[in-house]
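The structure appears right after this line, and notes come after that.
The values are calculated or read from the model by the stated rules, or taken from the named source; none is laboratory data. Because the structure is a prediction, the values reported are computed rather than measured. Cβ placement follows ideal geometry from the backbone for every residue including glycine, while neighbour counts extend to all protein chains displayed. Please note that ligands, DNA and RNA were not included when accessible areas were found on the heavy atoms of the full protein model with its side chains. Shrake-Rupley method; radii C 1.70, N 1.55, O 1.52, S 1.80 Å.
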Amino acid sequence: VIFAAMTSAVANAECAASWIMDELKWDRSKSRTRAVWITIIGCFILGIPTVLSQGPWSGFKLFGLNIFAFVDYVSANICIVLSGLTMALFVGWSMGAKKFRELANQGARRISVKPFWGVLIKYIIPLIIFALFQEGSLRADLGINLRRQKVPLDIWNLRGSQCKYLAEDDLHKIHLSS
């Protein structure tokens, strides 16, 4: 899992570094290291609030969620869904399913994209993604949280003010003696 996370992080950093080099019109051979460092430092700085939201900034809320939970919700329930919808719309309508099929099938032997896939990517997949997005929005509007996250706690080392980080319905399960 660590290897997968690191390779994904490198791929994401490469996209941001390439964008920086393109926008600033830097020479790729000379400025790649500088662009990567800008990307890494930027990610580090942007990540500080999510880390601090589990401690000193735990009282700061966005739509009733701490910063970490808010970023988690937005990335998992909005950004990923919208990127999938955008990709499906781009491939189905802008690029065209036929051109995509030609590109995807280059060098394919036994497994290939079939013509019926065009109908899927143009009509059915965007409808399914839109329905999933609407379903997630409906759950959020009704206040239903079906994906409640638990953070493992070492209750033997739990002290004083740390008790407030426990979920309210978990408080009755743990009796702490001072």
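Distance between the modelled labels on E23 and I41, one decimal in nanometres: 1.5 nm (7 Å Cα→Cβ projection).
Split the accessible area of segment 1-77 by element, probe 1.4 Å, and carbon with sulfur accounts for 74%.
Excluding ligands, DNA and RNA, the accessible surface per residue across segment 9-59 is 72 Å² with a 1.4 Å probe. Counting pairs of alpha carbon atoms under 8 Å apart in space and at least six apart in sequence, what relative contact order in percent does segment 17-121 give? Result for segment 17-121 is 14 percent. Using the Cβ-Cβ distance between R110 and I80 with R0 set to 45 Å, the FRET efficiency works out to roughly 0.90. If Lys and Arg each add +1 and Asp and Glu each add -1, what is the summed charge of the other residues whose beta carbon sits under 15 Å from the beta carbon of A97? Its environment carries a net charge of +4.
The largest-to-smallest principal axis extents of the Cα set in segment 73-130 are 41, 19, 17 Å. Estimated from the Cβ-Cβ distance and a Förster radius of 30 angstrom, the FRET efficiency linking K61 and A11 is about 0.40.
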